[in-house]
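The values are calculated or read from the model by the stated rules, or taken from the named source; none is laboratory data. Not measured: the values here are computed from a predicted model. Reconstructed Cβ throughout: ideal geometry from the backbone, glycine too, with neighbour counts over all protein chains shown. Heavy atoms of the whole protein, side chains included, go into the accessibility calculation; ligands, DNA and RNA do not. Shrake-Rupley method; radii C 1.70, N 1.55, O 1.52, S 1.80 Å.
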Amino acid sequence: MFFPICVIITGGSVKNVRMRKKPNLLPRMERCAAVLETAPEAHRGRWLGDFPGFSELHVELGCGKGRFTAGMAEANPSVLFAAIEKVPDAMVVAMERVCAASLGNVRFLDRDAAQLGEFFAPGEVSRIYINFPDPWPKKKQFKRRLTAPSFQRLCAAALAPGGEIWFKTDNSPLFEWSVEQLAAGGWELREVTRDLHGNGPVGVMTDYEAKFHAQGVKINRLVAVKGENTLCG
């Protein structure tokens with residue numbers, strides 16, 4: 001029986017929040033070594049073959065402490081989640097969550113989202129999640145946003161035809177800018193909402209999302225679908 005792979009790749013920290021250093025970081029990571037991929041480049045173009053029994057590859061940019069990662073993995077046992085996080089102090093918490101729940105369908109990569117093309121071959125990915133990325137509010141920083149044209153190209157190259165980006169943020173200016181940028185990049189926008197949880201919680205939340213929702217903060221979400229005219233290369 002074949003199941004989909006979901007690879008979660010994390011980008012920058014939400015809102016540039018400084019992550020407090022975790023005590024005993026290395027031994028904590030070593031205890032979770034079974035879910036850490038130390039050479040993800042070796043799997044490029046071979047994820048489905050290297051992890052037999054799975055049929056799709058999904059990617060998330062920005063998993064933080066892994067509430068979304070673990071929740072999605074538990075809710076979707078037929079999906080393999082491989083999470084890239086460039087902040088080990090955040091990733092170790094996610095790793096511990098996954099190990100504590102005995103989830104065998106998650107892998108973590110200690111890397112940066114900008115290296116996406118080094119881990120995944122063209123058309124190898126079916127879905128990418130971007131959850132609450134750093135908004136980079138200054139105009140000169142816009143090119144660093146995970147929905148900027150340069151990152152769109154990385155995502156489009158990795159995604160198969162019809163592949164999707166699922167994007168969530170509490171930052172309205174970033175969301176409106178992203179809607180414009182993704183539309184200009186040739187993505188088909190679906191399920192666009194500026195109050196995802198307006199009628200009650202929807203789907204698996206991240207740690208930040210749960211906190212924001214409890215405070216009454218509205219969550220923006222959209223699905224961008226890769227088409228023939230989508231920005232690529």
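What to note about this one:
- Being surrounded by 24 or more Cβ atoms within 10 Å (Cβ to Cβ) and touching an Asp or Glu at 6+ places or on another chain (Cβ under 6 Å) is a description that applies to Met91.
- In region 34-69, residue farthest from Arg144 (Cα to Cα) [restricted to those that are under 10 Å from the mean Cα position of the chain (by Cα), outside any loop (DSSP other than H, G, I, E, B) and at pLDDT below 85]: His58
- Positions within region 212-225 being open to solvent by 60 Å² or more (accessible area, probe 1.4 Å) and of a type in the set (S, T, N, Q), in sequence order: Gln215
- Region 103-126, subset acidic (Asp, Glu) and either more than 15 Å from Gly64 (Cβ to Cβ) or out of contact with any helix residue (DSSP H, G or I) (no Cβ under 7 Å at 6 or more places or on another chain) (or both), residue most open to solvent (accessible area, probe 1.4 Å): Glu118
- Phe142 being crowded, with 22+ Cβ neighbours inside 10 Å and aromatic (Phe, Trp, Tyr): no
- Only residues that are of a type in the set (A, V, I, L, M, F, W, C) and outside any loop (DSSP other than H, G, I, E, B) were counted across region 180-229, and they come to 12.
- Tabulated pairs, region 138-161, first farther than 18 Å from Glu118 by Cβ and free of Cβ contacts under 8 Å to residues at least 40 places away in the same chain, second open to solvent by less than 30 Å² (accessible area, probe 1.4 Å) and among the polar types (S, T, N, Q), C-beta under 6 angstrom, 6+ apart or interchain: Thr147/Ser178
- Residues being exposed (fewer than 14 other Cβ atoms within 10 Å of the Cβ) and of a type in the set (Lys, Arg) - total across region 45-72: 1
- Only one of the listed residues (Glu228, Glu180, Glu191, Glu209) is touching a residue at least 40 places away in the same chain (Cβ under 8 Å), surrounded by fewer than 17 Cβ atoms within 10 Å (Cβ to Cβ) and either within 18 Å of the chain's Cα centre (by Cα) or more than 20 Å from Gly62 (Cα to Cα) (or both). That residue is Glu228.
- Residues considered: Ala83, Ala100, Ala75. Of these, the only one that is over 15 Å from Trp47 (Cβ atoms) and either open to solvent by less than 10 Å² (accessible area, probe 1.4 Å) or without any contact (Cβ under 8 Å) to a residue 24 or more places away in the chain (or both) is Ala100.
- The set of residues from region 11-33 being open to solvent by 50 Å² or more (accessible area, probe 1.4 Å), modelled with pLDDT of 70 or more and assigned to a loop (DSSP other than H, G, I, E, B) comprises Pro23, Asn24.
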